[in-house]
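Following: one structure in structure tokens, then a few remarks.
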Amino acid sequence: MTIRSKIRAGIERVLLTQGFTITRAGADYLGAAPAIAAAKAKGQSVREYVEELWEQVGAAERVANEFASAGALAHCQRVLEVGPGTGMFLEFILKRVQPQQYDIYETAADWAAHLAQEYAPQVKRQPADGVSLKHTPDASCGLVHGHGVYVYIKPLASFEYFAEMMRVCAPGGFIAFDFFAAEKFDVTQVTHWLTFPDRYPIMLPAETVKAFFTQRGFRLVHQFDHKLGRGKSQYVVFEHGG
Ligand SMILES: C[S@@+](CC[C@H](N)C(=O)[O-])C[C@H]1O[C@@H](n2cnc3c(N)ncnc32)[C@H](O)[C@@H]1O
């Protein structure tokens, strides 16, 4: 590796750990302190506040219900979430699964600190390097999930995370997340997105995403669409064959 490529790799690593500072893909950064204060002023929980702000009222509960229908919300000892942001999904999952420990890997320091404090002692903030889950042991989690993260990070960073999600998933456990499926991004969709200023979406080839898991002992047990940004992301739920 030349000095130049080492520097470039270093910069990319910093961007991975600190650069993704928006909390909702495509929206301006929503800092933890102002959002918490605004929610309090309106007498709402942070989840209620952001769901209203982002025109997603009921979204977290709907997704949690889909996970439950796939059997993914059974009680387990440990859960892991990548990029929980404001914690709008965390709140529901924590209540339903009641794990002893809930690891979060979140690159936005203010939200990570807030969630670890608000949901102590279960929620444990793990150091996030942007691609790995290295502070969580192999085969330790009954549920590993992420929402609105693989819709805008670099494709290979997503696949790096997917490999890590499989590593930490316990036999019989579940992995669930959403992404923009390239196959669904047709001319109508492109034309629609181009009428808005958002340019963040990253589309992943859905068949490759699925094969990445099914070729490694995971079974696709559920999939569904979810309104996200100017279009729809696709959720997939995999079960570890054990
Ligand atoms: C679009 S927001 C979604 C937040 C939340 N999951 C939700 O659906 O409301 C993406 C979140 O992922 C975090 N994030 C971005 N890149 C990340 C990475 N490489 N590793 C971990 N978290 C990341 C961001 O800080 C942000 O909180």
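Some notes on this structure:
- Every residue from segment 106-126 that is among the polar types (S, T, N, Q) and either part of a helix (DSSP H, G or I) or more than 9 Å from the ligand (Cβ to nearest atom) (or both): Q117, Q122, Q126
- Taken over segment 84-103, the criterion of being β-branched (V, I, T) and near the ligand (Cβ under 9 Å from one of its atoms) is satisfied by T86 alone.
- When residues of segment 84-105 are limited to those that are in contact with a helix residue (DSSP H, G or I) (Cβ under 9 Å, 6 or more places away or on another chain) and assigned to a loop (DSSP other than H, G, I, E, B), the one surrounded by the fewest Cβ atoms within 10 Å (Cβ to Cβ): P99
- Looking across K232, K210, K227, one residue alone is touching a Lys or Arg at 6+ places or on another chain (Cβ under 8 Å), of a type in the set (K, R) and surrounded by fewer than 17 Cβ atoms within 10 Å (Cβ to Cβ). It is K232.
- Qualifying residues in segment 164-188 (those that are closer than 23 Å to G83 by Cα and among the aliphatic types (A, V, I, L, M)) - the one surrounded by the fewest Cβ atoms within 10 Å (Cβ to Cβ): A182
- Some residue of segment 149-169 being assigned to a loop (DSSP other than H, G, I, E, B) and more than 17 Å from the chain's Cα centre (by Cα): no
- If you go through segment 196-230 and keep only what is farther than 25 Å from G242 by Cβ, free of Cβ contacts under 8 Å to residues at least 24 places away in the same chain and more than 21 Å from the chain's Cα centre (by Cα), you end up with just P197.
- Residues within segment 71-83 that are within 15 Å of the chain's Cα centre (by Cα) and either more than 11 Å from the ligand (Cβ to nearest atom) or not in a loop (DSSP other than H, G, I, E, B) (or both), tallied: 4
- Qualifying residue in segment 127-137 (condition: within 16 Å of the ligand (Cβ to nearest atom), under 19 Å from Y152 (Cα atoms) and either of a type in the set (S, T, Y) or without any contact (Cβ under 8 Å) to a residue 12 or more places away in the chain (or both)): yes
- Qualifying residue in segment 229-240 (condition: more than 27 Å from D28 (Cα to Cα) and among the basic types (K, R)): no
Every number in this text was worked out from the coordinates using simple rules, so none of it is lab data. Fair warning: this is a prediction, and the values are worked out from it, not measured in the lab. Cβ coordinates were reconstructed from backbone atoms using ideal geometry, including for glycine residues, and neighbour counts include every protein chain displayed.
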